[in-house]
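Here is the structure we will look at.
The values are calculated or read from the model by the stated rules, or taken from the named source; none is laboratory data. If you're wondering where the values come from, they're calculated on a predicted model, not measured in any experiment. As a convention, Cβ positions derive from the backbone with ideal geometry for all residues, glycine included, and neighbour counts pool all protein chains shown. Ligands, DNA and RNA are stripped out before the accessible areas are found, and what is left, the full protein with its side chains, is counted by its heavy atoms. Shrake-Rupley method; radii C 1.70, N 1.55, O 1.52, S 1.80 Å.
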Amino acid sequence: MSELALAIDLSGLANLDRFLEVLFLVLLGAMVFYGLCRCRRKGAPWVLVFSGSSLVGFVLQGALFLGRAGRTGLRGLEEAHETPGVGPSAETWSSLHALGELLAGASFLLAGIALIYLGWLGRTGAPK
Amino acid sequence: MTEVLAVAKLAETGAQLTLLGGWALVFGALRMWSARRTGLRLFLAISLLAFALGLTAQSLVRLNAVELNYYPGWKADMDQILGEDHAEFEYSEDDLAIGPVGPREWEGPYWWGQRLGLFLGSLAATGGFLLMGREALAEKSGSRSNKPEGKGER
């Protein structure tokens, strides 16, 4: 455990990048809040899409943030190789991380598209 | 090898989708502002624009479209490598005349601009979304308090 803690990069630059990632998480949280505030109006599927995809993005980005912190900590250690019965290897974690990034990106895009539709609904005066 | 390429492709596609999402948020905020031109909506649109610009700069580096050699303290690191870590090597006069190749002029502003855009943009956009959420809540409670009066008039 102490070996892991020592391997984590605690330089100013690494902490700045971590801080920016936390700010991105806070932004996603604020998007969820905004979606929930508009959610109770009837017949607003795009509001549901916006808040739902923001929430999914928030959860995925949070998991990726924690995963990245772990991976940075493991950088100094020798990577495990795929061995039956030993548990997931570095390659498996890497694949999961990439899949998480893909899904987080897709949910963020969906939230953006939903916001475009919300703006369009406001413009045309369609039922909200 | 194929696995590694597939993983890299997945991560690359994720970064591209995030970038598109950032710009979709900008267009959504602009559309909301054009529907009802309030100061708060303009503030949200501008802050999301700053965020999207920072995100674009970050994504271009992640997608290897831009190569950055700059980071704060690169010069001190370079001096340490040449002067201390490799002090035992003898350099010819021609080598010393060339000098270390540093980052290009635009790389410093690019590096700082990317982080400044992300910092200010995400902070301001967070504030914008929170204020708009509060506005939506106030509108909702206002329409609820108006409803019984409307019924009474009928």
- Task: Go through region A:81-120 residue by residue and tally those that are more than 7 Å from chain B (Cβ to nearest Cβ), modelled with pLDDT of 80 or more and open to solvent by less than 40 Å² (accessible area, probe 1.4 Å).
- Result: 4
- Item | Top-ranked residue in region B:96-154 [being outside any helix (DSSP H, G or I) and open to solvent by less than 50 Å² (accessible area, probe 1.4 Å); ranked as modelled with the highest pLDDT] | B:Pro103
- Somewhere in region B:20-29, is a residue open to solvent by 30 Å² or more (accessible area, probe 1.4 Å), within 8 Å of chain A (Cβ to nearest Cβ) and under 23 Å from A:Asp17 (Cα atoms)? yes
- Query: Which residue pairs have Cβ atoms closer than 7 Å, lie 6 or more positions apart in sequence or on different chains, and pair a first residue in region A:25-37 that is more than 7 Å from chain B (Cβ to nearest Cβ) with a second residue that is aromatic (Phe, Trp, Tyr) and part of a helix (DSSP H, G or I)?
  - Reply: A:Leu25/A:Phe58; A:Leu25/A:Phe65; A:Leu28/A:Phe58; A:Gly29/A:Phe58; A:Val32/A:Phe58; A:Gly35/A:Phe50
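Looking at B:Gly54, is it modelled with pLDDT under 85 and of a type in the set (Gly, Ala, Ser)?
Working: modelled with pLDDT under 85: no; of a type in the set (Gly, Ala, Ser): yes.
So B:Gly54 does not fit the description; no.
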- Message: So the check is Cβ under 7 Å with 6+ separation or different chains; which pairs have a first residue in region B:2-19 that's more than 7 Å from chain A (Cβ to nearest Cβ) and farther than 20 Å from B:Gln58 by Cα and a second one that's assigned to a helix (DSSP H, G or I) and among the aliphatic types (A, V, I, L, M)?
- Response: none
